[in-house]
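Some notes on the structure that comes next.
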Amino acid sequence: MTTPTKAATAAVLTLICCLSALLLPAASASANDEAVAGGGSWHQVHWHINAYRQTAGGQEISGVSGRCYGSWRDPSGQCFGYGERKTWHDSFPFRGYTHIEWSSHPAGCPDVPGGRDPAVWVHQVKIKTGYQGTGEDSFLCGWVDRGWNTMVVTGGKIRGYDGYLHDVQPSNGRLAEREHVQGGPLYVFLDASRDQGAVIGLRGWIRY
């Protein structure tokens, strides 16, 4: 091989090595981003939402009063309330103005993974943040049993502290894993005896 040929070959090999060095980190970064977005992390949550009319001196207290329309046993209904921040575990993102709606048929949320037993899971529930700022546009989807004791999570999106919406991973429907086991359904507390409203709480683990 002549000297000019050797020089040309060396130049080509150098160029290939440089291009490879530039391309490989970009591909690796893309793969890592996808892994983080798809995996998420576990969060132990406790949401306590006051969705009833609160008064003082006969006057409704602005900024903390809520309201419900429809019975929890009706085919559909909705509540507007305020989530409390001081709970046992993470109350993010439902710790401000919150909207809850329920329906006896699928309405904008994924169904139960693997199929839903309509004799067990009778109401689809969607909980949405109703404010701007940290956590805005977040929502959680799921189905509850007839007694409003358990919610199997089917999806949703939560805007994390990083400002991005993260997909909520579905939970299973195993009652033995409710609340205390990662991947299990959420425990639901419902006090519907309030005048013109209710208190609803959810506890357990979600992944997003």
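The values are calculated or read from the model by the stated rules, or taken from the named source; none is laboratory data. Owing to the predicted nature of the structure, the values given are computational and were not obtained by experimental measurement. Counting neighbours? That spans all protein chains shown, and the Cβs are built from the backbone with ideal geometry, glycine included. Side chains are part of the model used for accessible areas, which takes the heavy atoms of the whole protein and leaves out ligands, DNA and RNA. Shrake-Rupley method; radii C 1.70, N 1.55, O 1.52, S 1.80 Å.
Applying a DSSP loop filter and a limit of 15 other Cβ atoms within 10 Å to the chymotrypsin sites (Phe, Trp or Tyr not before Pro) in the range 80-113 leaves Trp88. Computed over Cα pairs, the Kirkwood radius of the range 118-189 leads via Stokes-Einstein (1.567 mPa s, 4 °C) to a diffusion coefficient of 101 µm² per second. Using a probe of 1.4 Å, the accessible surface attributed to Asp137 totals some 90 Å² when neighbouring protein chains are kept in position. Per residue, the accessible area of the range 51-208 comes to 50 Å² when a 1.4 Å probe rolls over the protein heavy atoms.
Model label sites at Ser104 and Trp42, defined 7 Å from Cα along the beta-carbon direction, differ in position by 3.7 nm.
Here is the list for the range 124-208: GluC sites (Glu not before Pro) lying in DSSP coil, each with at most 15 other C-beta atoms within 10 angstrom of its C-beta, are Glu136. Given their separation in residues at 0.36 nm each and the Cα-Cα distance between them, Lys86 and Leu165 gain 26.0 nm when the chain is fully extended. For Trp121, the accessible area of its heavy atoms, probed at 1.4 Å with every protein chain present, is near 20 square angstrom. When Rg and the Kirkwood Rh are both derived from Cα coordinates, the Rg/Rh ratio for the range 74-160 amounts to 0.98.
Among the trypsin sites (Lys or Arg not before Pro) in the range 129-188, those located in a DSSP loop and surrounded by at most 16 other Cβ atoms within 10 Å of their own Cβ are Arg146, Arg174. State the answer as a single residue: which of His166, Gly57, Phe80 lies farthest towards the positive end of the charge dipole of the range 49-208, with beta carbon charges of +1 for Lys and Arg and -1 for Asp and Glu, about the Cα centre. The residue sitting farthest along the positive end of the dipole is Gly57.
Percent of C-alpha pairs per 5 Å bin in the range 38-182, short distances first: 2, 10, 17, 22, 21, 16, 8, 3, 1, 0, 0. Taking 0.36 nm per residue of separation and subtracting the current Cα-Cα distance, fully stretching the chain between Ser76 and Ile61 would add 2.7 nm.
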